[in-house]
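Asker: Structure in C-alpha cells, see below.
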Number of protein chains: 2
Amino acid sequence: MEYIPKPIEALALELGRLPSIGPKSAMRLAYYIAVMDKEAAKTLSEAIYNANMKIRKCSVCGNMADDEKCFVCRDDRRDRSVICVVSKPKDIVAIEKTHEYNGVYHVLGGSISPVMGIGPDDIDIKGLLKRLDGVDEVILATNTDVEGEATASYIFRLINKKVKTVTRIAHGVPVGGNLEYTDEVTIIKALENRTSL
Amino acid sequence: MEYIPKPIEALALELGRLPSIGPKSAMRLAYYIAVMDKEAAKTLSEAIYNANMKIRKCSVCGNMADDEKCFVCRDDRRDRSVICVVSKPKDIVAIEKTHEYNGVYHVLGGSISPVMGIGPDDIDIKGLLKRLDGVDEVILATNTDVEGEATASYIFRLINKKVKTVTRIAHGVPVGGNLEYTDEVTIIKALENRTSL
C-alpha cells in the first residue's frame, strides 16, 4: 500500500509474524513505534536483539539460560536427586512461581505428537536418560493433554526400572474450579484420585 | 523474578510498554523472540529502529513521511484546492483506502480536549491557516466524538470567512449498520441529514 510509509509497512510485516499479533494490531503497533521516543525505540530494538542473541540452552537441563547453566543448575542448594521433566522452559517458570519445588528440571523441548510428526527422538529424552545416576525420583510434569500424557507414559516405560520412583503430576479439579463446568474426564480423575481427610 | 533470564525479562518489560500488550502477552512474546530464528530477530530489531529513525513529518501537511514530503504532497496529480483536515496520520490511510479523494490533507496531530489539557495551540491549526491561499474547500474530517466535533467547530469559526467552502463529513448510520443497535444521537443525525431518492 503506497499510502503507508515503507519503514512502517516493513515493521508491521515483521510484527505480524509474531504469535497473537494480527495484521491490524501489527499496523497499529508499527505506527506507535514510528513516533515513539527515539531512545525508547532504540531500547526496544536492542532488547529484541539481546534476548535472541544472549539466550541459550542450559547445558545440563535444557532450560533457557543467559549463561552456560540456567539459574536452577547453577544453584547449589537445589536437590539433584529429584528431576522434574517438563515440555517447555516456560513450564519451569510456572512451577518456580509456587516456591514449593526444590529439585532440578529436565526440559524435553516438546511433546511426542504423531499428528505433528514429533517422535520420541525429536525431543530430548536421551539427555534425561544420561542424568539418571543418583536420582531418586523423576516427576513427569508434561501437560495433561493427549500429547503430554503420551510423552509421560512413553518416558515412564523407558525409565521405570532405572529410577526408584517415577511420579506423574495429579489430575483433578483446579483449585477454585466449578464442578458444573468441569469436563467429565477431569471429574473421573478427581474421583479416582480422591484423598482421605 | 530470578527464574526468568534477564534478557527475556528486559525484553518483556519493553514490549509491555506498547499499547494493547499486557504483561502476560509481553512475556509470551519475549519467550518467542528469544528462541526465534537469529536472522528473523535481527530483521525485527532493525525494522523497529528503522521505522522510528526514518519516519518524519511531511513538511507540508504533517503526515508521516519517509522523505521531506509525504506521498500525497509529492504527487502532482493531487488537487491542491481541496484540503481535508484530519487529527492523525492514520486517518489519512483510512481515507486513502477509499480511492475516492483526490485533494490534499492537513494533519492537526490531535484534537482539542480541555479534559486532557489540549488547547487550540497544541495542535497544528496555525499551519492550516498558512495554507489557505488558493484553497476552495476545507473538509473537516476530525473524528465524530466530542473532541473531534469541538475541534471542527473551532476551526470552522476561524476559517469560515477565509475559504469559499468549509464542509464537515456526514454523520449517519454506518453502511451495513443495524438501526436496532445504533445510538439515538446517530439516528437523530441520520434523520436530519436524510437525502431524497
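The values are calculated or read from the model by the stated rules, or taken from the named source; none is laboratory data. Remember, predicted model here, so these are calculated numbers, not experimental data. In this analysis, Cβ positions are derived from the backbone assuming ideal geometry, glycine residues included, and neighbour counts consider all displayed protein chains. These accessible areas exclude ligands, DNA and RNA; they are computed on the full protein's heavy atoms, side chains included. Shrake-Rupley method; radii C 1.70, N 1.55, O 1.52, S 1.80 Å.
Quick grid of which residues meet (1) at pLDDT 95 or above; (2) touching a Pro at 6+ places or on another chain (Cβ under 8 Å); (3) part of a helix (DSSP H, G or I):
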site	(1), (2), (3)
A:THR98	no, no, no
A:VAL104	yes, no, no
A:GLY109	no, no, no
A:VAL115	no, no, yes
A:GLU147	no, no, yes
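Asker: What residue, among those in the stretch A:67-93 that are part of a loop (DSSP other than H, G, I, E, B) and open to solvent by less than 60 Å² (accessible area, probe 1.4 Å), is nearest to the other protein chains (Cβ to nearest Cβ)? Before the answer, list the steps.
Answerer: Our first condition is that a residue be part of a loop (DSSP other than H, G, I, E, B); within the stretch A:67-93, this holds for A:67-70, A:75-78, A:87-88.
Narrowing further to those that are open to solvent by less than 60 Å² (accessible area, probe 1.4 Å): A:70, A:75, A:78, A:87.
Numbers: A:CYS70: 8, A:ASP75: 9, A:ARG78: 12, A:SER87: 13 Å.
The extreme case among them is A:CYS70.
Asker: Take B:LYS24 and tell me if it is surrounded by fewer than 16 Cβ atoms within 10 Å (Cβ to Cβ) and in a helix (DSSP H, G or I). Step through it out loud before you land on a result.
Answerer: Details: surrounded by fewer than 16 Cβ atoms within 10 Å (Cβ to Cβ): yes; in a helix (DSSP H, G or I): yes.
Judged against the criteria, B:LYS24 is a match.
Asker: Taking the stretch A:52-66, which residues are among the hydrophobic types (A, V, I, L, M, F, W, C) and open to solvent by less than 30 Å² (accessible area, probe 1.4 Å)? Before the answer, list the steps.
Answerer: Of the stretch A:52-66, the ones among the hydrophobic types (A, V, I, L, M, F, W, C) are A:53, A:55, A:58, A:60-61, A:64-65.
Within the stretch A:52-66, A:ILE55, A:CYS58, A:CYS61, A:MET64, A:ALA65 qualify.
Asker: Name the residue that is most open to solvent (accessible area, probe 1.4 Å), counting only residues in the stretch B:117-142 that are assigned to a helix (DSSP H, G or I) and more than 19 Å from B:ILE169 (Cβ to Cβ).
Answerer: Step one: list which residues in the stretch B:117-142 are assigned to a helix (DSSP H, G or I), which gives B:120-122, B:125-130.
So of that shortlist, the ones also more than 19 Å from B:ILE169 (Cβ to Cβ) come out as B:120-122, B:126-127, B:129-130.
On the way: B:PRO120: 42, B:ASP121: 130, B:ASP122: 102, B:LYS126: 136, B:GLY127: 17, B:LEU129: 60, B:LYS130: 169 Å².
Here the residue is B:LYS130.
Asker: Evaluate the stretch A:170-184: report whether one residue or more is in contact with a strand residue (DSSP E or B) (Cβ under 8 Å, 6 or more places away or on another chain) and either in a strand (DSSP E or B) or among the aliphatic types (A, V, I, L, M) (or both). So that I can check it myself, show each step before the final result.
Answerer: If we filter the stretch A:170-184 for residues that are in contact with a strand residue (DSSP E or B) (Cβ under 8 Å, 6 or more places away or on another chain), which is where we start, we get none.
No, that holds for no residue.
Asker: Do you know which of the residues in the stretch B:94-107 that are away from chain A (no Cβ under 12 Å) and more than 19 Å from B:ASP133 (Cβ to Cβ) is surrounded by the most Cβ atoms within 10 Å (Cβ to Cβ)? It would help to see each step written out before you state the result.
Answerer: Step one: list which residues in the stretch B:94-107 are away from chain A (no Cβ under 12 Å), which gives B:100, B:102-104, B:106.
Retained after the next criterion (residues that are more than 19 Å from B:ASP133 (Cβ to Cβ)): B:100, B:102.
Details: B:GLU100: 7, B:ASN102: 11.
Ranking the candidates gives B:ASN102 first.
Asker: Could you identify the single residue in B:GLY127, B:GLY172 that is under 23 Å from B:LYS90 (Cα atoms) and touching a residue at least 60 places away in the same chain (Cβ under 8 Å)?
Answerer: Numbers: B:GLY172 fails: touching a residue at least 60 places away in the same chain (Cβ under 8 Å).
Being under 23 Å from B:LYS90 (Cα atoms) and touching a residue at least 60 places away in the same chain (Cβ under 8 Å) holds for just one of B:GLY127, B:GLY172, which is B:GLY127.
Asker: Any residue in the stretch A:65-78 that is within 12 Å of A:TYR105 (Cα to Cα) sitting within a Cβ distance under 8 Å of a residue that is surrounded by fewer than 12 Cβ atoms within 10 Å (Cβ to Cβ) and not β-branched (Val, Ile, Thr)? List the pairs, counting only those 6 or more apart or interchain.
Answerer: Here the result reads A:PHE71/B:GLU2; A:ARG78/A:ASN102, each pair linking the stretch A:65-78 to a residue that is surrounded by fewer than 12 Cβ atoms within 10 Å (Cβ to Cβ) and not β-branched (Val, Ile, Thr).
Asker: Go through the stretch A:157-197 and count every residue that is exposed (fewer than 10 other Cβ atoms within 10 Å of the Cβ) and of a type in the set (A, V, I, L, M).
Answerer: Residues in the stretch A:157-197 being exposed (fewer than 10 other Cβ atoms within 10 Å of the Cβ) and of a type in the set (A, V, I, L, M): 3 in total.
Asker: Considering (1) closer than 29 Å to B:ARG17 by Cα; (2) touching a strand residue (DSSP E or B) at 6+ places or on another chain (Cβ under 6 Å), say which one A:ARG80 fails and leave the rest.
Answerer: Just one mismatch for A:ARG80, condition (1).
Asker: When the residues of the stretch A:17-57 are narrowed to those that are closer than 21 Å to B:GLU39 by Cα and basic (Lys, Arg), which ends up nearest to the other protein chains (Cβ to nearest Cβ)?
Answerer: Checking each candidate, the answer is A:LYS54.
Asker: If you scan the stretch B:1-15, which residues turn out to be closer than 20 Å to A:GLU96 by Cβ and out of contact with any Lys or Arg (no Cβ under 6 Å at 6 or more places or on another chain)? Please lay out each step first, then the result.
Answerer: Narrowing the stretch B:1-15 to residues closer than 20 Å to A:GLU96 by Cβ: B:1-13.
Answer for the stretch B:1-15, where residues must be closer than 20 Å to A:GLU96 by Cβ and out of contact with any Lys or Arg (no Cβ under 6 Å at 6 or more places or on another chain): B:MET1, B:GLU2, B:TYR3, B:ILE4, B:PRO5, B:LYS6, B:ILE8, B:GLU9, B:ALA10, B:LEU11, B:ALA12, B:LEU13.
Asker: Going by the structure shown, is A:ASP136 acidic (Asp, Glu) and under 29 Å from B:MET36 (Cα atoms)? I'd like the intermediate steps shown before the answer.
Answerer: Working: acidic (Asp, Glu): yes; under 29 Å from B:MET36 (Cα atoms): no.
Answer is no for this residue.
Asker: Please work out which residue is most open to solvent (accessible area, probe 1.4 Å), limiting yourself to the stretch A:27-51 and to residues that are acidic (Asp, Glu) and assigned to a helix (DSSP H, G or I). Walk me through how you get there before you give the answer.
Answerer: Taking the stretch A:27-51 and keeping what is acidic (Asp, Glu), we get A:37, A:39, A:46.
Next cut, assigned to a helix (DSSP H, G or I) only: A:39, A:46.
Working: A:GLU39: 112, A:GLU46: 92 Å².
In this case the residue turns out to be A:GLU39.
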